[in-house]
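Colleague: Provided herewith is a single structure, encoded as structure tokens, for subsequent inquiry.
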Amino acid sequence: MKIALIGYGKMGKEIEQIAISRGHAIVLKIDIQNQADLTMENLSKADVAIEFTGPETAVGNYLKCFEAGVAVVSGTTGWLEHKTTVEKACSDQQGCFFYASNFSLGANIFFALNKFLAKTMKEFPQYDVSMTEVHHTQKLDAPSGTAITLAEDILAVNNIKTKWTIHEPQSKNELYINPIREGQVPGIHTIKYDSEVDYIEITHSAYSRKGLAFGAVLAAEYSKGRIGVFSMADLLNF
């Protein structure tokens, strides 16, 4: 498979190593120094583009890929207010768009555990749920896309919480997410159900970016030749 890397920072380099080890070829690398090389001609050399950039450029990158007939796998977060536009463009071009807030296999198992626990705990209002997420200082968005996914899965079933916030909660209806930025932490997400007598806590902690990169390459392999919008739930058959 031929892969275009849109975003060639630490994550892009990790993806490159794993992709090559699995027999794929990197035919295009785009970073901040050569953005002008993101052309239809260059994109058309690839089967799939793996996109890890920033929310300010991601949507434009997706649209270029759809126009070039190249499947897109993206882990960029912070752009979801444009989700409807992106999915319509993908459909109009009969393209492929695979998005995940977290490509780690372990994190996606954690998503499933979070949903199970949230459904169980909705019957016990004496437990107040909150979340903490810790990432490296270079991460631009807060809360993380992973934290938002976890929060929205809780809100979908919780009988009390109606929205999430990164500020001190003003009512019991707000799910507090505490975003911490420190050091080189790849990502730690903790969900806590706290009562007067005890608490229940689940945590997913990434050792490195390798798990994310491996999942992104699996997503690229899954996306080649497909049409539609997909997620890790499709890849993992959850």
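Every read-out reported here was derived from the displayed coordinates using simple, explicitly stated rules and does not represent laboratory data. All values reported here derive from a predicted model rather than from experimental measurement. Methodologically, a virtual Cβ is constructed for each residue, glycine included, from the backbone with ideal geometry; neighbour enumeration extends over all protein chains shown.
Colleague: For the range 63-140, what is the convex hull volume of its Cα atoms per residue in Å³?
Modeller: Expressed per residue, the convex hull around the Cα atoms of the range 63-140 is 150 Å³.
Colleague: Shifting gears a bit: Can you list residues from other chains, or at least 5 along the same chain, whose modelled amide H is less than 5 Å from the amide H of Phe230?
Modeller: Result for Phe230 returns Phe97, Phe98, Tyr99.
Colleague: So if each residue of separation counts as 0.36 nm, and I subtract the Cα-Cα distance between Glu168 and Asp141, what length gain in nm does that give?
Modeller: Numbers: separation 27, 0.36 × 27 = 9.72 nm, distance 1.81 nm.
Computed gain between Glu168 and Asp141 is 7.9 nm.
Colleague: Please identify which residues in the range 182-221 have an amide N closer than 11 Å to a label point set 7 Å out from the Cα of Gln126, following the Cα→Cβ vector.
Modeller: Under cut-off, by backbone N: 195-198.
Colleague: Per residue and in cubic angstrom, what volume does the convex hull of the Cα atoms of the range 105-205 have? Mind dumping the intermediate values first?
Modeller: Values: hull volume 9.8 nm³, N = 101.
So the per-residue Cα hull volume is 97 Å³.
Colleague: Now for a different question. Compute the helix-to-body angle for 105-121: its Cα long axis versus the longest principal axis of the chain, expressed 0 to 90° and rounded to tens.
Modeller: With rounding to tens, the tilt is 30 degrees.
Colleague: About the Cα centre of the range 105-205, what is the dipole size in debye to 20, counting +1 per Lys and Arg Cβ and -1 per Asp and Glu Cβ, all else neutral? Could the numbers behind the result be given before it?
Modeller: Working: 9 positive and 13 negative charges, 57 e Å.
Computed charge dipole of the range 105-205: roughly 280 debye.
Colleague: Does the range 194-238 classify as rounded, prolate or oblate by the C-alpha gyration tensor (a ≥ b ≥ c root eigenvalues; a/c under 1.5 gives rounded; else a/b over b/c gives prolate, otherwise oblate)? Write down the numbers at each step before the final one.
Modeller: Details: a/c = 5.48, a/b = 2.16, b/c = 2.54.
Since a/c reaches 1.5 but b/c is at least a/b, the shape of the range 194-238 is classed as oblate.
Colleague: Using DSSP to define loop residues, name the chymotrypsin sites (Phe, Trp or Tyr not before Pro) in the range 107-212 whose beta-carbon has at most 15 other beta-carbon atoms within 10 Å. Intermediate results must be reported in sequence, preceding the final value.
Modeller: Numbers: sites: Phe110, Phe111, Phe116, Tyr127, Trp164, Tyr176, Tyr193, Tyr199, Tyr207; in loops: Tyr127, Tyr207.
The qualifying sites are Tyr207.
Colleague: Excluding Gly225 itself, what net charge comes from residues whose Cβ is under 15 Å from its Cβ, given Lys and Arg +1 and Asp and Glu -1? Intermediate values should be presented prior to the final figure.
Modeller: Numbers: positive: Lys2, Lys224, Arg226; negative: Asp47, Glu221, Asp234.
Local charge sum for Gly225: 0.
Colleague: Related question: If we count other beta carbons within 10 Å of each Cβ, what is the order of Glu152, Glu133, Glu41, Glu221, fewest first?
Modeller: By the 10 Å Cβ count, ascending: Glu41, Glu152, Glu221, Glu133.
Colleague: With +1 on each Lys and Arg Cβ and -1 on each Asp and Glu Cβ, how big is the dipole of the chain about its Cα centre, in debye rounded to the nearest 20? Can you show the working numbers first?
Modeller: Working: 22 positive and 27 negative charges, 110 e Å.
Here the size comes out at about 520 debye.
Colleague: Okay, next question. How about the range 155-192: which trypsin sites (Lys or Arg not before Pro) there are in a DSSP loop, with at most 12 other Cβ atoms within 10 Å of their Cβ? Don't jump to the answer; show the numbers that get you there.
Modeller: Working: sites: Lys161, Lys163, Lys172, Arg181, Lys192; in loops: Lys161, Lys172.
Answer in residue order: Lys172.
Colleague: Looking at Ile154, Pro179, Phe124, which one has the Cα that reaches farthest to the positive end of the dipole of the range 105-205 (charges on Cβ: Lys, Arg +1; Asp, Glu -1)?
Modeller: Result: Ile154, furthest along the dipole toward the positive end.
Colleague: Over the C-alpha atoms of the chain, what are the Rg and the largest Cα-to-Cα span, Dmax, in Å?
Modeller: For the chain, the Cα radius of gyration and maximum Cα-Cα distance read 18.6, 63 Å.
Colleague: Excluding same-chain residues fewer than 8 positions from Lys119, which aspartates and glutamates have a Cα within less than 18 Å of its Cα?
Modeller: The qualifying aspartates and glutamates are Asp128, Glu152, Asp153, Glu174, Asp194, Glu201.
Colleague: So for the chain: antiparallel DSSP bridges make up what percent, rounded to the nearest 5? Present the calculation step by step, with values, prior to reporting the outcome.
Modeller: Values: 14 of 42 bridges.
Among the beta bridges of the chain, antiparallel pairing accounts for roughly 35 percent.
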